[in-house]
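Shown next, in structure tokens, is the structure this report addresses.
Just so it is clear, none of the values below were taken in a lab; they were calculated from the coordinates. Note that this is a predicted model, so its numbers are computed, not measured. Note that each Cβ is placed from the backbone with ideal geometry, even for glycine, and that neighbours are counted across all protein chains shown.
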Amino acid sequence: MIHRYRFISEHHAVYGVTRLCRVLAVKRRQGYYEWLAAAPARRRREQAEEQLTAQIRAIHGEHRNAYGSPRVTAELRRQGQQVNRKRVERIMRERDIVGITRRRRRSLTRQDTTAAPAPDLIRRDFTAAVPGLRFVGDITYLPTSEGWLYLATTIDLFNREVAGHAMAGHMRTELISDAVELAHRRGLVRPGAIFHSDRGSQYASKDFRASLTRLKMRPSMGRVGSCYDNAVAESFFAALKAEIGTRVWPTRAQARQAVFAYINYYNERRLHSTNGLRTPRETRVCYRPAIALAA
């Protein structure tokens with residue numbers, strides 16, 4: 001019916017409203033006049049939608065074209081907009097504004113069958129009541145024209161913050177030790193904290209166990225061949241490779257710069273669903289320990 005009203009509006013000066021309504025089988029001529037009277041309100045709605053679309057595009061671009069409608073909606077609300085998620089979803093769908101779909105990564109795990117595995121202290125419970133108490137870590141690789149650049153991470157399960165990381169052209173034990181030690185130097189590790197990993201040879205090595213002991217941390221390991229036992233670390237690498245753009249960097253130095261910038265963005269600005277769509281740093285800074293009331 002809207003299309004008919006528009007046709008009448010465009011041609012009524014030539015043919016008249018009554019004749020056009022009859023030819024187009026518009027039974028209520030009054031309906032056309034009601035539609036015409038509502039035109040200013042429609043224009044205001046269209047203008048408001050175009051303004052919202054511009055904001056959505058700006059947020060989408062600012063966050064590496066990675067955000068889908070839930071995070072875009074959350075960011076709009078953080079900016080003071082009262083907006084419905086379904087409306088944001090519709091606008092993004094109609095204008096082909098899409099987030100990034102993650103791809104599965106290939107595992108680098110090489111089990112050391114001679115080393116005794118640590119017990120599984122996490123048991124797929126990827127939560128923590130306080131920051132600095134439960135961590136997960138893993139290694140991934142990034143392609144460069146100079147060869148692989150390996151990245152090791154230490155992620156806090158309380159807020160999903162990358163508390164420590166290290167990069168090198170090798171994946172020896174010192175790589176993962178450096179990632180844990182950085183988190184410790186930053187003051188983000190509590191005494192007795194758990195560090196959970198897969199059963200890769202680096203994590204099972206005596207040198208790494210010695211590093212954890214020196215830092216007063218306890219080792220924990222998942223089962224063999226189960227990505228779900230270290231799902232948080234896997235999820236971060238999937239997000240990084242999807243949002244940073246998996247490609248070949250000319251040099252390891254350029255890849256380092258890109259990864260460092262992404263980790264800073266991830267910790268400081270990227271809204272995380274596990275944190276109630278707050279950033280990892282914001283979640284840590286806003287943490288307040290429970291105060292026991294005196295009897």
task = Provide the per-residue ³J(HN,Hα) series for the stretch 199-214, in order, calculated from phi with Karplus coefficients 6.51, -1.76, 1.60 and θ = phi - 60°, each as a whole number of Hz, with x at glycine and proline positions.
result = 9, x, 4, 5, 6, 8, 5, 5, 4, 5, 4, 5, 5, 5, 4, 4
request  = State, as an integer percentage, the relative contact order of the stretch 148-295 based on alpha-carbon contacts under 8 Å between residues 6 or more apart.
outcome  = 20 percent
note = In this structure, the FRET efficiency calculated for Tyr265 and Val285 from their beta-carbon separation, with R0 = 25 Å, to the nearest 0.05, is 0.90
ask   = Quick one: if you stick a label point 7 Å off each Cα along the C-beta vector at Gln51 and Arg186, how many nm between them?
value = 3.9 nm
task = Let me have the relative contact order for the chain, percent, based on Cα pairs under 8 Å that are six or more residues apart.
result = 17 percent
request  = Return the Cα extents of the stretch 202-282 along principal axes one, two and three, sorted largest first, each rounded to a whole Å.
outcome  = 37, 34, 28
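What is the magnitude of the charge dipole of the stretch 1-95 about its Cα centre, with +1 placed on the Cβ of each Lys and Arg, -1 on the Cβ of each Asp and Glu, and no other charges, expressed in debye to the nearest 20?
Numbers: 22 positive and 9 negative charges, 72 e Å.
Roughly 340 debye for the stretch 1-95.
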ask   = How long is the chain along each principal axis, judged by its Cα atoms, biggest number first, in Å?
value = 91, 65, 31
When the stretch 1-95 is reduced to its Cα atoms, the Kirkwood hydrodynamic radius in Å = 15.9 Å
message = Given points 7 Å out from each Cα along the Cα-Cβ axis, report the Ala38 to Asp207 separation in nanometres with one decimal.
response = 7.3 nm
query = Could you list, bin by bin from short to long, the percent of Cα-Cα pairs of the stretch 134-286 in 10 Å steps?
reply = 11, 42, 36, 10, 0
message = Given R₀ = 51 Å, what would the calculated FRET efficiency be for Ala25 paired with Glu89, taking r from the Cβ atoms and rounding to 0.05?
response = 0.90
message = Using helices alone, I'd like the mean residue ellipticity at 222 nm for the chain: each DSSP H run of four-plus residues gives -39500 (n - 2.57), total over residue count, nearest 500.
response = -14000 deg cm²/dmol
Highest average packing first - 195-201, 84-90, Cβ atoms within 10 Å = 195-201, 84-90
task = Using amide H atoms built 1.01 Å from N in the peptide plane, name the residues 5+ places from His272, or on other chains, whose amide H lies under 5 Å from its own.
result = Leu277, Arg278, Thr279
inquiry  = Cross-link candidates for Lys216: which lysines have Cα within less than 28 Å, leaving aside residues fewer than 8 places away along the same chain?
reply    = Lys206
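Expected output is a single nm value to one decimal: the length gained when fully extending between Ser9 and Thr127, i.e. 0.36 nm times separation in residues minus the C-alpha distance. What is it? Could you put the intermediate results ahead of the total?
On the way: separation 118, 0.36 × 118 = 42.48 nm, distance 6.08 nm.
Answer, rounded to one decimal: 36.4 nm.
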